[in-house]
1. Taking the condition surrounded by 20 or more Cβ atoms within 10 Å (Cβ to Cβ) and more than 18 Å from Val55 (Cα to Cα), does Tyr86 pass?
2. Considering segment 205-228 alone, what residues qualify as being open to solvent by 10 Å² or more (accessible area, probe 1.4 Å) and of a type in the set (Phe, Trp, Tyr)?
3. Somewhere in segment 187-194, is a residue over 30 Å from Met265 (Cα atoms), open to solvent by 10 Å² or more (accessible area, probe 1.4 Å) and either under 21 Å from the mean Cα position of the chain (by Cα) or hydrophobic (A, V, I, L, M, F, W, C) (or both)?
4. When you go through Val225, Val249 one by one, which is the residue that is modelled with pLDDT of 95 or more and under 29 Å from Thr167 (Cα atoms)?
5. Of everything in segment 276-323, what is of a type in the set (Phe, Trp, Tyr), open to solvent by 10 Å² or more (accessible area, probe 1.4 Å) and touching a strand residue (DSSP E or B) at 6+ places or on another chain (Cβ under 7 Å)? Give them in sequence order.
6. For segment 253-263, name all the residues that are under 19 Å from Ser308 (Cβ atoms) and surrounded by fewer than 23 Cβ atoms within 10 Å (Cβ to Cβ).
7. May I ask you to verify whether Asp97 is under 26 Å from the mean Cα position of the chain (by Cα), touching a residue at least 40 places away in the same chain (Cβ under 8 Å) and over 19 Å from Val41 (Cβ atoms)?
8. Only one residue in Leu171, Leu156 is of a type in the set (A, V, I, L, M) and free of Cβ contacts under 8 Å to residues at least 24 places away in the same chain. Which one?
Amino acid sequence: MCTYHLRIMSIILLAAGFLSPLGALWTKHVIDSDLYCPWGVCAADIDGDSIIDVVAAGYYENEVRWYQGPTWTPHTIDGNLGMAFYVCIADMDQDGDNDVVATGQLYGHVVWYENPSWTKHYIDYSLPGAGDMWVCDIDNDNDIDVIVAGYSENSLALYEAPTWQKTYIDLALYGSGCPIASDIDNDNDSDIVALAVNGNAVVWYEAPTWQKTVIDPHLNGPWAVGTSDIDHDGDLDIFATGCYADSIVWYEAPAWTRHCIDHLMNGPYYLTVNDFNDDGWCDMIATGYLDRTIIYYQNPFPGDTIWSRTIIDTSGLNPVFVYAADMDNDGDFDIVATDMGANSVSWYENPLTSVAEKQHENIAGNHLALSATIFRGLLQLPEGKTCRVFDITGRMVEPSRMQPGVYFVEIDGKIESKIIKVR
């Protein structure tokens, strides 16, 4: 049985404006509240202005739509893609701008749209249940290929650019979903990880023969996967959500030992993987379709195994897809998410901040009242200021060499805040 313990890593002793370990609020910004049943979403610069834009698929809207940042002005790419499901952004024709690739489940269409005219090019007219997708140069020939899960025919199909020659990687992946390409065996080519929603399996395929290896045959209702070297041991591990198992797990390569991250989320759906707190370790954010939540899980390594759990949003109806991108160009990863129940597309601003210059007066004694927080990872200090960190003995400490303990932060000669490092 999977055991799970909650650990609150962010304890605010007094209100303050200094380093947040992401226990603070992720600010929600609504991009669109009127896209009927949005599903897939991604973000990149579409119009070449160096500002992040967003592309989303409206499932019952039968539409692929892009939103021009930062005002999020909506533009229709295609208003006639039956049950538009998944979207990806890539320079498909290598002309220097980002195009859009999409799947439509109603007729099994796999298409790409040429920026800026949005001319529609068919990759496949009839892949039954065309759904989750991945785009990359899978065969190292300098063009972008497409991998698509055909949910209704239990298939995983590879389309090789530029002719879109179709190769079935698997025709027995029951309820196929969420293909991603990663070098799983460290041999310098792109393998594929995928899942069988109805077969309760997480699998990987070794390039170039696509030999299939089952990672886990008993994850009830796997819905999404992600890869990262979670434990920094030099090989890629795998994250997965089990929607019907109410579990989020990770598999430790190469033996694929299964570890539980969370077994409390009701109906975990999609996930995104990145270093959200800038401590050098890969974290994960997942949506809870039935829980109506989006939750951030902080990597506990090194030295621990318990993933701290921070709720990003509980105001949704049925959050589905989540994607990581630096939406506000401030150097950290934010997220974009869709909520099919609320018909909305939103982005959430990462609360990772630097030490701020705020002082709080103690009314009774007219002394500086310092506030403190528990944090872990790397301390960020404001640029353009003279900053020093002292331990409780008054000895100055290099921020990069801080060990667990209590510290005080001096900014331009004034002690401004108290921090407690736990690891």
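1. no
2. Once the filter is applied, which keeps residues that are open to solvent by 10 Å² or more (accessible area, probe 1.4 Å) and of a type in the set (Phe, Trp, Tyr), segment 205-228 yields Trp210, Trp223.
3. yes
4. The conditions single out Val225.
5. Of everything in segment 276-323, those that are of a type in the set (Phe, Trp, Tyr), open to solvent by 10 Å² or more (accessible area, probe 1.4 Å) and touching a strand residue (DSSP E or B) at 6+ places or on another chain (Cβ under 7 Å) turn out to be Tyr289, Phe321, Tyr323.
6. The answer is His259, Cys260, Asp262, His263.
7. yes
8. Of the residues listed, the single one that is of a type in the set (A, V, I, L, M) and free of Cβ contacts under 8 Å to residues at least 24 places away in the same chain is Leu171.
The values are calculated or read from the model by the stated rules, or taken from the named source; none is laboratory data. Just so we're clear, the structure is a prediction, and the values are computed from it rather than from any experiment. A quick note on method: Cβ atoms are made from the backbone with ideal geometry, for glycine too, and the neighbour counts reach across all protein chains shown. The protein model used for the area step is the full one, side chains on, heavy atoms only, and it has no ligands, DNA or RNA in it. Shrake-Rupley method; radii C 1.70, N 1.55, O 1.52, S 1.80 Å.
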